[in-house]
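As structure tokens, the structure follows; a few thoughts come after it.
The values are calculated or read from the model by the stated rules, or taken from the named source; none is laboratory data. These numbers were taken from a predicted model, which means no experiment stands behind them. Because the Cβ atoms are built from the backbone with ideal geometry, glycine has one as well, and the counts that use them run over all protein chains shown.
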Amino acid sequence: MKKINGHIAAPFTPLNADGSLNLKPIEDYADLLHRNHLDGVFVCGSSGEGALLTKEERMQIAEKWIEVSGGRLKVIVHTGGTNIMDQQSLAAHAQEIGANAVAAMAPMFLGPKRIEELGEFCKTVSNAASGLPFYYYHIPGLNGINLPVMELLKFADKVIPDFAGVKYTHDNMYEFDQCMRYENRKYDLLHGLDETYLSGLAYGCESGVGGTYNQCYSLYENMKSAFEAGDLNKARALQHQSHLFVNVLIRYRGNIVGGKRIMKFLGIDCGPNRMPMQTLSDEEEIAMKAELEEIGFFEYCNK
């Protein structure tokens, strides 16, 4: 199964002031990511508020990203939600419009309790887009599902022919390392926790999906270059810079809320969040921008 390879941004979903979908900024968004050396996009994941969007909205977003990427960016379409029928439709649609891969996190409500349940769930979504690489999105901090990923790989090895790998958004590097080395690196492990990117490099990871790649991918690109050159002091300093940035995000309700508003400072106004997420107020925006200036964010942000 063909692996994605490279570094993939998890883009935000632009909305109008009334909360409706706004596809207009996506072309400029794609240009920004490509200009800053990103290899692709992970559409309608957690950063993209995918679980809060309708199936029809998610299809429109996927179509738009395929259209504006024009082959410059790989497009992974995330189908995760609580309705398996919708996920099958989203996967089939992704294949129809020419996506590079599909991905799904386990349902956060009435989710799987056993590997067999999780494996059959992944198999069902994957089979809806037969021939297209499928990635399992492991993010226990968000959906509460923390079944052993190694066991899922063993299950997939037997019954999911299009299983390509895992978007691993967790801090268990012990498990991450074993999954990455399973069957001589058979599967693609996409590092998904930006705060531990340097740890991922130390374990030999070559690809990632990041929420903060939207705003400051240069930190990670330069960190990788420094690590490969053996300059660990520089690599550690860059990881610390990313930590300072994440600290600001945490104070403003995380990347999905604070990070989405930061895109406005980069020329891509993604609008409000979808309810029940609470959009930053104008006062919070001003305060957050001052904190970003204090840590030198505008010197290394995406431009």
Where Phe12 falls short, out of the listed (1) touching a residue at least 12 places away in the same chain (Cβ under 8 Å); (2) in contact with a Phe, Trp or Tyr (Cβ under 9 Å, 6 or more places away or on another chain); (3) surrounded by fewer than 20 Cβ atoms within 10 Å (Cβ to Cβ): (3)
Flag if Phe121 is closer than 29 Å to Asn172 by Cβ, among the hydrophobic types (A, V, I, L, M, F, W, C) and touching a strand residue (DSSP E or B) at 6+ places or on another chain (Cβ under 6 Å): no
Selection from the range 234-253 of residues that are over 19 Å from the mean Cα position of the chain (by Cα), in a helix (DSSP H, G or I) and surrounded by 18 or more Cβ atoms within 10 Å (Cβ to Cβ): Ala235, Leu238, Gln241, Val248
Top-ranked residue of the range 110-164 - restricted to ones that are β-branched (Val, Ile, Thr) and outside any helix (DSSP H, G or I), ranked as farthest from the chain's Cα centre (by Cα): Ile160
Selected residue [under 28 Å from Ile262 (Cα atoms), touching a Ser or Thr at 6+ places or on another chain (Cβ under 6 Å), touching a residue at least 40 places away in the same chain (Cβ under 8 Å) and not in a strand (DSSP E or B)] from Leu190, Leu198, Leu219: Leu219
One residue from Gly80, Gly131 being among the small types (Gly, Ala, Ser) and buried (at least 17 other Cβ atoms within 10 Å of the Cβ): Gly80
Number of positions in the range 183-220 that are within 21 Å of Val248 (Cα to Cα), of a type in the set (D, E, K, R) and surrounded by fewer than 20 Cβ atoms within 10 Å (Cβ to Cβ): 1
Where His37 falls short, out of the listed (1) within 22 Å of Lys3 (Cβ to Cβ); (2) in contact with a strand residue (DSSP E or B) (Cβ under 7 Å, 6 or more places away or on another chain): (2)
Answer from Phe163, Phe227, Phe155 - the residue that is at pLDDT 95 or above, closer than 26 Å to Gly98 by Cα and hydrophobic (A, V, I, L, M, F, W, C): Phe163
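Per-residue answers, yes or no, for (1) hydrophobic (A, V, I, L, M, F, W, C); (2) crowded, with 19+ Cβ neighbours inside 10 Å; (3) part of a loop (DSSP other than H, G, I, E, B):
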position	(1), (2), (3)
Lys2	no, no, yes
Ile8	yes, yes, no
Ala17	yes, no, yes
Val41	yes, yes, no
Ser46	no, yes, yes
Ile61	yes, yes, no
Of residues in the range 254-303 being under 18 Å from Gly45 (Cβ atoms) and hydrophobic (A, V, I, L, M, F, W, C), the one surrounded by the most Cβ atoms within 10 Å (Cβ to Cβ): Ile262
